Amino acid sequence: YGNALQAAINESQEAVAKLLLDSGADVNAQGGHYSNVLQVAAWKGSEAVVKVLLDSEADINAQSKFNLT
C-alpha cells in the first residue's frame with residue numbers, strides 16, 4: 001500500500017479510515033498499487049467508504065499512475 005489510509009480502506013476498515021482522515025491524512029495522496037484511496041474504495045465496492053472519502057473532498061477526477069480515473 002502507498003499509505004496507511006490506503007491500507008485501512010483496502011481492509012474495509014471504515015472507522016480507521018475516518019480516524020486517519022480526522023487526524024489529517026491526505027485524502028488525495030498518491031502511491032501504492034491502486035494510486036489513490038478513492039480508487040481502492042471503488043475497487044473494493046465499499047459505498048460507505050466512498051461516501052466518507054467524498055465527504056472529505058476526495059478528487060473524483062484524480063488519475064492513477066496509469067492515467068486511469
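Each value in this text was obtained by applying a stated rule to the coordinates, not by laboratory testing. In this text the structure is predicted, and so the values were computed from the model without any measurement. So basically every Cβ, Gly included, is an ideal-geometry build from the backbone, and we count neighbours across all protein chains shown.
Side notes on the structure shown:
- Normalised by the number of residues in the chain, the average gap of Cα pairs under 8 Å and 6 or more apart makes the relative contact order 32 percent.
- Which labelled figure in [x] 63, 4, 4; [y] 16, 12, 12; [z] 32, 27, 8 is semi-axes √(5λ) of the Cα gyration tensor in Å, once derived from the coordinates: [y]
- For K18, K65, order by how many other beta-carbon atoms lie within 10 Å, fewest first: K65, K18
- Within a Gaussian network of the chain (alpha carbon springs, distance under 10 Å), most fluctuating of S23, S12, S56: S23
- Taking the Cα centre of the stretch 4-55 as origin and assigning +1 to Lys and Arg Cβ atoms and -1 to Asp and Glu Cβ atoms, the resulting dipole is close to 80 debye.
- Put simply, the amide H of S35, placed in the peptide plane, has no neighbours under 5 Å, leaving out anything fewer than 5 places away on its chain.
- Hypothetical label at K44: residues of the stretch 9-30 whose amide nitrogen lies under 14 Å (7 Å Cα-Cβ projection): 9-21
- Of the chymotrypsin sites (Phe, Trp or Tyr not before Pro) found in the chain, those that fall in a DSSP loop while having at most 14 other beta-carbon atoms within 10 Å are F66.
- Paramagnetic reach from S12 (point 7 Å along Cα→Cβ, amide N under 14 Å) across the stretch 24-41: 41
- Residue-averaged [θ]222 nm for the chain, counting only DSSP H segments that reach four residues, each worth -39500 (n - 2.57): -13000 deg cm²/dmol
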